[in-house]
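One structure is given here, and the rest of the page talks about it.
The values are calculated or read from the model by the stated rules, or taken from the named source; none is laboratory data. Because the structure is a prediction, the values reported are computed rather than measured. Reconstructed Cβ throughout: ideal geometry from the backbone, glycine too, with neighbour counts over all protein chains shown. These accessible areas exclude ligands, DNA and RNA; they are computed on the full protein's heavy atoms, side chains included. Shrake-Rupley method; radii C 1.70, N 1.55, O 1.52, S 1.80 Å.
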Amino acid sequence: MTTEIRQIVDSAKLFSEVRFEGEINLELPKSTSFYVGKNFSKSLVTITKPNITLDFSDAIVRVNITDPLDTDLNIFFVSSMAKNVEIKNLKLYVHLNIPTTTRQIVGIYNTAYGLKLNNCSVEIISENHSNLVGVFNNGNLDTHMETRADNLVIANSCIRVQIVQSGTKDSIVYGIYNNLANSISMQNTFVYSTNIGIGKKQAAIGGFTNGRFGRFIGNNIKANGSHNTGNLKEQAYAYGFVNEGLYNLIESNNIVGECGGQCVGLENKGDFAKVNGNKFLATHTIKGRSIRNYANDSIFDGNILTSTSRNPRLFEQEGSNCIITNNMIEGLQLPQTYQSSVGIYAAAESTTENLIAQNIIKNVCDCGIFAHNNIGLVQNNIITTYVESYGFVKQGLKTNEELALKLDENRIHSIFD
């Protein structure tokens, strides 16, 4: 069947639409290994034809692998020659029942300019630990000019990746991974990433990008560390979305990091980010960060930040020249449940020249805004807490040693029932 699909695609005329029907079962190839970037990989379906549309409306694609892998594996590989290809209505179901491996298994691996994924469903479930990626977009060139995989569009789709059983080897599960490709767009898409493990080297990440000029608008993105009680540090980490690229727009999304040793809604390391009108949740965790920002020159406006963590830093700020305004920031635990809690934590000495204004900060027990003297302009914030929160400080300075010690994350400890 793998060969048949390749032949059908290769024989298609330019600018035509190819339709597939029935249940398509793909099998692991015995050979046909080649380099993808720096990695030696196998691919079940390779697409090299440009300017065509592949329509899977009347088809289901299934992959069931039980043999150990000797290389990384891509189910669909879109070659850099296949520019402006559209894949629509794909229903891809991958089940892996193989021994624990450090190999990477990818649903759709793209290296081509202008790929469009529309109304696609990609599901990868691995019984044991491995490295999974729903969609991997590899521009592979750190430039503000053009890369081979620019202009990816993911719309109206559903990406699910999951590891079922725990193990000891490092493994990271990504729903979407964009490597240095620019100008990508993702909208109206559901991403769900799940891992199970004992620490940060066994993590679930909903979406990752380090490319420039991306737009991520109107998506539901969730990363889950499989620790539903949320009381142990020694569990898989969960990051809803990680941005390390420049000039990215993140707007009107619902982004969740949940059920892990550490959970982060958004981790931002990309300068000139515009983060507007999102809901960020860090829940079912001992250590929760709704937003953690390390970047400079970024804007965070009109977002809702919540967390059920026992040690929430709802907004952890280490960047400079940022605007943090008009956000609703609220802790969701009862006061007796917190170990420590702060609304905005900005204690790093390098965090300067910020504007923190017109935020509402609610229901944290230790401090509303904790920062140092040179944080920038802090004004017109509304800070309220529980009546029974004795010793609460609305705006605390790093020089307050007692408060600094209370908020020191090295004091965070697991809760054993």
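This model, with +1 at the C-beta of Lys and Arg and -1 at the C-beta of Asp and Glu, gives region 39-105 a dipole about its Cα centre of some 120 debye. Compute the Cα gyration tensor for region 183-229, then decide on rounded, prolate or oblate, letting a ≥ b ≥ c be the square roots of its eigenvalues: rounded whenever a/c is under 1.5, prolate when a/b is larger than b/c in the other cases, and oblate in all that remain. Oblate, since a/c reaches 1.5 and b/c is not below a/b.
Split the accessible area of the chain by element, probe 1.4 Å, and carbon with sulfur accounts for 48%. Near Gly277: Cβ cut-off under 15 Å, other residues only, Lys/Arg at +1 and Asp/Glu at -1. The net charge is +1.
Per residue, the chain exposes 40 Å² of accessible surface when a 1.4 Å probe is rolled over the protein heavy atoms with every protein chain present.
Under 23 Å Cα to Cα from Lys13, which lysines show up? Leave out anything in the same chain fewer than 8 places away. Output for Lys13: Lys49, Lys83, Lys88, Lys116. Considering only Ile299, Leu334, Leu314, the residue lying farthest towards the positive end of the dipole of region 219-335 is Leu334, judged by Cα position with unit charges set on Cβ. Among rounded, prolate and oblate, which fits region 1-154 when a ≥ b ≥ c are the square roots of the eigenvalues of its C-alpha gyration tensor, a/c under 1.5 means rounded, and a/b larger than b/c means prolate? Oblate is the answer for region 1-154, as a/c is 1.5 or above yet b/c matches or exceeds a/b.
The 3J(HN,Hα) values that the Karplus relation (6.51, -1.76, 1.60; θ = phi - 60°) gives for region 212-224 are, in residue order, 9, 6, x, 10, 10, 10, x, 10, 10, 10, 9, 10, 10 Hz. Gly and Pro appear as x. When a/c is below 1.5 the answer is rounded, else prolate if a/b is larger than b/c, else oblate, so apply that to region 339-417 with a ≥ b ≥ c taken from the square roots of the Cα gyration tensor eigenvalues. Cα axes put region 339-417 in the oblate bin. Backbone geometry of region 139-146 corresponds, through the Karplus equation with coefficients 6.51, -1.76 and 1.60 at θ = phi - 60°, to 3J(HN,Hα) couplings of x, 6, 8, 7, 8, 8, 7, 10 Hz, x marking Gly and Pro. Summary: within the chain, the longest segment free of trypsin sites (Lys or Arg not before Pro) located in DSSP loops with at most 13 other C-beta atoms within 10 Å is 202-417. With a cut-off of 12 Å between beta carbons, the residues surrounding Arg212 carry a summed charge of -4, where Lys and Arg count +1 and Asp and Glu -1. Only DSSP H runs of four or more residues enter the estimate; each adds -39500 (n - 2.57), and after division by the residues of the chain the mean residue ellipticity at 222 nm equals -1000 deg cm²/dmol. From the Kirkwood radius over Cα pairs of the chain, Stokes-Einstein at 20 °C and 1.002 mPa s returns a whole-number translational diffusion coefficient of 97 µm²/s. One chain, two ends: Thr102 and Glu23. Fully extended at 0.36 nm per residue, the span grows by 25.5 nm beyond their Cα-Cα distance. For Thr71 and Thr143, a Förster radius of 25 Å and the Cβ-Cβ distance give a FRET efficiency of 0.30, rounded to the nearest 0.05. With N the number of residues in region 145-300, Rg(Cα) / (2.2 N^0.38 Å) evaluates to 0.98.
Loop sites here are GluC sites (Glu not before Pro) outside DSSP states H, G, I, E and B with no more than 15 other Cβ atoms within 10 Å. The longest part of the chain free of them is 28-145.
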